[in-house]
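Note sheet for the following structure.
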Amino acid sequence: MSSLIEATEKSIGAAGHLTDMDAGAVEALRALARKIDAWDQIVEWAFEDAGEGRPSVPQNDNVSLSAYLKYCDQLGLSPAGRRALQLKAEGASAKAAKLTALRGGQAGARGA
């Protein structure tokens, strides 16, 4: 089984639609993947250090995985995210076609 970091890099590499404008979100996604992969080790260290008066960390991280999945959706790296991007692209295409049709009708009316 691969790590989440490896799987994330594979997804990013396969996503041909990402541009330089997505760089920040991609880096945030990578940071979350590293945190999620390291969580079990972080908890283990925290339990070992708890006896030394250091603050402990929660055993479960309820936030990182859901945030990771939201980033995947926004970047089109999940099925729901890809579907949303496809619908947005189809909507833009339909709008462009409608505008072209309207412009064509106006040009015909002016030429008459």
By per-residue mean of other Cβ atoms within 10 Å, what is the highest-first order of 31-37, 15-21? 31-37, 15-21
Pair Asp49, Ala67: separation of 7 Å Cα→Cβ label points (nm): 1.8 nm
Of the accessible area of segment 24-92, computed with a 1.4 Å probe and all protein chains kept, carbon and sulfur make up a percent value of 56 percent
Where segment 1-88 is the region considered: accessible area per residue in Å², 1.4 Å probe: 71 Å²
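The values are calculated or read from the model by the stated rules, or taken from the named source; none is laboratory data. From a predicted model like this one, the values you see are computed outputs, not experimental measurements. A quick note on method: Cβ atoms are made from the backbone with ideal geometry, for glycine too, and the neighbour counts reach across all protein chains shown. Side chains included, ligands, DNA and RNA excluded: accessible areas come from the protein's heavy atoms. Shrake-Rupley method; radii C 1.70, N 1.55, O 1.52, S 1.80 Å.
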